[in-house]
Every structure is written in structure tokens, then in C-alpha cells.
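Read through the structure below, which is laid out as C-alpha cells, and then see the notes.
The values are calculated or read from the model by the stated rules, or taken from the named source; none is laboratory data. Just so it is clear, the model here is predicted, and its values are computed rather than measured. FYI the Cβ positions are ideal-geometry reconstructions off the backbone, even for glycines, and counts take in every protein chain you see.
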Amino acid sequence: MMNKTILLLTLLLICMSNFACAQDQSAPDPTSSADRIREWRKLEYGMFIHYGISTFVADDMANGDDPAEAYAPTDLDVEQWVRTAKDAGMKYIVLTAKHVSGFCIWDSKVQWQGKEYDYDVGSGKDTTDVIAAFIKACKKYDIWPGIYYCTMDLRNSMREITWNPKLPVLSDVYYTLMKDHLRELHTAHPDIAIQWLDIPRHLSNEQRVELYSLVRTLNPDCLVMFNYGKESSDIEGPYTIEIAKDVTWPTDILNSEVITPIRVPFETSQVFQGKTYEMGYEHCVSIVEKWFWKENESLKSVEELAATYRDVMRMNGNFLLSVPPDTTGRIPDATVTRLQELRIALDEIKDK
């Protein structure tokens with residue numbers, strides 16, 4: 001009897017091991033996105049759009065205490081955003097679907113705390129599904145659509161701003177909400193080309209692997225990027241996956257923001273744990289001081305932005321420029337003009 005029990009347990013362990021291996025083999029591998037990364041790299045220049053409840057409360061780090069009704073665009077025109085990007089020479093756009101406030105710019109139907117998630121546009125003063133309108137406009141103007149989703153959520157997860165928390169930090173229910181949101185977005189919009197995931201320091205490696213697999217399983221052509229967000233220039237030598245792996249792996253794109261961390265060309269072929277991966281590099285800055293629109297905020301000069309673009313091109317990267325719409329729901333005329341001026345300068349750089 002004892003021998004039979006041992007035999008059954010052994011067979012069970014073998015089956016479980018085989019199942020785990022099968023799961024690992026069926027999960028998307030970053031090497032499978034190599035061709036897509038090469039296509040993305042040719043785009044070179046994109047628009048980052050920070051828009052949501054933070055636009056209306058003048059706080060990039062809104063904590064989610066403001067009522068959903070605070071979201072109140074008076075003349076929302078999502079197509080104007082995409083048309084502006086197209087006219088500026090941009091080839092892709094990343095839009096903030098959910099920032100740190102927890103406010104979603106689509107009407108989410110997932111369950112949260114026993115009811116439908118309601119901190120979103122469905123409870124605001126303009127119920128337009130901004131994500132749906134955005135995807136539609138991107139298709140019209142032949143722009144790659146990307147969406148941003150923030151792990152740090154000051155309404156539903158941690159109440160304090162914490163950049164480098166001690167793990168584990170996410171509750172099971174909030175992590176489930178994240179997965180439900182991403183599943184909802186990628187099921188409804190299989191055309192999403194880029195999934196930008198911010199503040200991955202709140203995630204364990206196992207959670208990042210699961211989220212990467214979730215997105216790529218639902219949307220095999222979608223590139224997934226976990227934001228390294230390096231703002232300092234103290235990285236010496238080539239920017240490699242070894243530097244960022246503790247907070248970003250698996251990721252299709254390595255990145256930095258505000259201050260470029262390297263002055264040498266990015267190596268697109270990266271070796272990690274004995275395996276070679278094709279990877280992209282992206283650097284993002286804002287056309288204004290912060291990320292979301294603020295009244296009377298000055299635009300950066302053409303010279304400053306063109307210099308950053310030149311640096312990023314020398315580094316073999318893509319340049320992602322944040323261009324925030326205002327409380328009307330449109331990109332301001334002065335910003336549109338600055339982008340046109342910048343395009344002239346960038347075209348001159350390309351011609352040299």
C-alpha cells in the first residue's frame with residue numbers, strides 16, 4: 001500500500017512538473033517580439049499624452065480623492081490630439097489610460113469591491129470612452145496606438161507615494177484589478193501596439209512575467225515596456241538589461257526619462273542569462289515642466305527639445321515627447337505651433 005502511495009505521489013509530481021513546463025513554453029517569450037521591435041524602432045518619434053483627472057485638479061500626483069465629476073472637459077477632441085501628432089511628424093502615441101490617481105479614461109466594467117469600477121469617465125461629466133476614440137483616430141491617421149497603465153495607485157493601492165517599496169506591496173485584490181483592467185483593454189482593443197507599464201518597482205519579477213504574458217497572449221503583436229524611469233545621468237557605459245533587470249524584466253523596450261543616462265549608441269542586441277534578445281530604447285521628456293497640463297506653464301524651447309532629440313537619435317533610441325491636452329480636452333494652439341516649429345528643426349537634423 002505504501003509503495004502504491006509513493007508511486008501515485010511520484011506520478012502526480014511528474015505531471016505537475018510537465019504542466020509547469022508546458023505553461024512556461026506556451027507563455028510568450030520576449031525573443032518572439034524581435035521583428036515588431038525592429039518595426040517600432042523605425043518610428044523614431046512619438047507623442048506621450050498625459051490626460052485624466054490630474055488635468056483638471058492641476059496635480060500630476062493626484063491621490064484619487066477628487067470626485068469623478070472633477071473630470072469635465074468642455075470641448076473634448078481626441079482626434080485633434082492624433083492629427084496634431086501626425087502633423088508634427090510623430091509615428092506613435094502613448095496615452096495614459098490610468099495614472100496614479102486610479103482614474104480610468106474609459107468606462108471600465110470590471111468588478112471592484114463588490115461593484116462595477118466607477119472611478120472613471122463613466123462617472124465624469126463627459127462619458128466619452130477616450131481609449132476607444134483614441135484607437136479609432138490612430139487607425140484613421142496611421143499612428144501606432146499605445147496605452148499607459150500605472151502600477152502605483154494612490155486611490156486603490158498604496159496611499160503614500162513610494163517609488164522603491166519593500167516587496168511585496170500590492171494586495172491580491174488590487175493586483176487582480178490590474179489584470180482585469182489590462183485584460184479588458186486588450187480584449188476590447190486588439191490594435192493596441194504598445195503597453196507602457198509604469199512604476200514596475202511595485203511589482204515582483206513573477207508579477208511582471210505574468211503581466212507580460214497576459215498582454216502578449218491577448219495581443220501577440222503588442223510590445224510591452226516596464227518603465228525603468230531612470231532620471232540620473234550616473235550610469236556609466238552601455239545601457240544594458242543587466243542594469244535595469246531587477247525592475248523591468250521581461251521588457252521589450254528599455255527606457256529612461258528626463259535626463260538621458262548614456263552618451264553611446266544603445267546596443268539593440270542584448271544578452272541576458274545566456275540568451276540574446278532584440279530590444280528597443282526610448283527616452284521621454286515633456287514639452288512643459290511636468291507631465292500633465294497646468295495653466296500658464298511655459299513651453300520648452302525648440303532648441304532644447306531638438307538637442308534632446310539629437311542626443312536620443314545618436315543613442316539609437318526613440319524619442320517620446322509628452323504633449324498634454326488642457327481642460328477643454330484639446331492640445332492648446334500654442335503647443336501645436338511649437339510642435340510645428342520643432343518639426344522644422346527635426347527635419348533639418350534628419351537631412352544632415
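The table below gives the values:
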| item | result |
| --- | --- |
| Pairs with Cβ under 7 Å, 6+ apart, first in the range 32-47 and more than 15 Å from residue 138 (Cα to Cα), second acidic (Asp, Glu) | 33/252; 34/278; 36/221; 37/252; 37/278; 38/278 |
| Answer from 101, 54 - the residue that is crowded, with 21+ Cβ neighbours inside 10 Å, of a type outside the set (Val, Ile, Thr) and in a helix (DSSP H, G or I) | 54 |
| Verdict on residue 288 being under 28 Å from residue 327 (Cα atoms), of a type outside the set (D, E, K, R) and touching a Ser or Thr at 6+ places or on another chain (Cβ under 8 Å) | yes |
| Yes/no for residue 89 being part of a loop (DSSP other than H, G, I, E, B), more than 21 Å from residue 197 (Cβ to Cβ) and within 21 Å of the chain's Cα centre (by Cα) | yes |
| Residue 218, sole failed condition from (1) surrounded by fewer than 23 Cβ atoms within 10 Å (Cβ to Cβ); (2) under 20 Å from residue 152 (Cα atoms); (3) of a type in the set (A, V, I, L, M, F, W, C) | (2) |
| Number of positions in the range 145-187 that are in a loop (DSSP other than H, G, I, E, B) and acidic (Asp, Glu) | 2 |
| Pick from the range 138-172, criterion at pLDDT 95 or above, farther than 18 Å from residue 105 by Cβ and not charged (D, E, K, R), ranking: surrounded by the most Cβ atoms within 10 Å (Cβ to Cβ) | 144 |
| Any pair with Cβ under 8 angstrom, 6 or more apart, that starts in the range 175-201 at a residue that is among the aromatic types (Phe, Trp, Tyr) and ends at one that is surrounded by fewer than 20 Cβ atoms within 10 Å (Cβ to Cβ) | 175/207 |
| So residue 212, is it in a helix (DSSP H, G or I), under 15 Å from the mean Cα position of the chain (by Cα) and among the aromatic types (Phe, Trp, Tyr) | yes |
| Members of the range 301-326 found to be surrounded by 18 or more Cβ atoms within 10 Å (Cβ to Cβ) and either more than 24 Å from the chain's Cα centre (by Cα) or within 30 Å of residue 124 (Cβ to Cβ) (or both), listed by number | 320, 321, 322, 323, 324, 325, 326 |
| Residues that are surrounded by 17 or more Cβ atoms within 10 Å (Cβ to Cβ) and under 16 Å from the mean Cα position of the chain (by Cα), drawn from the range 253-278 | 253, 254, 255, 256, 257 |
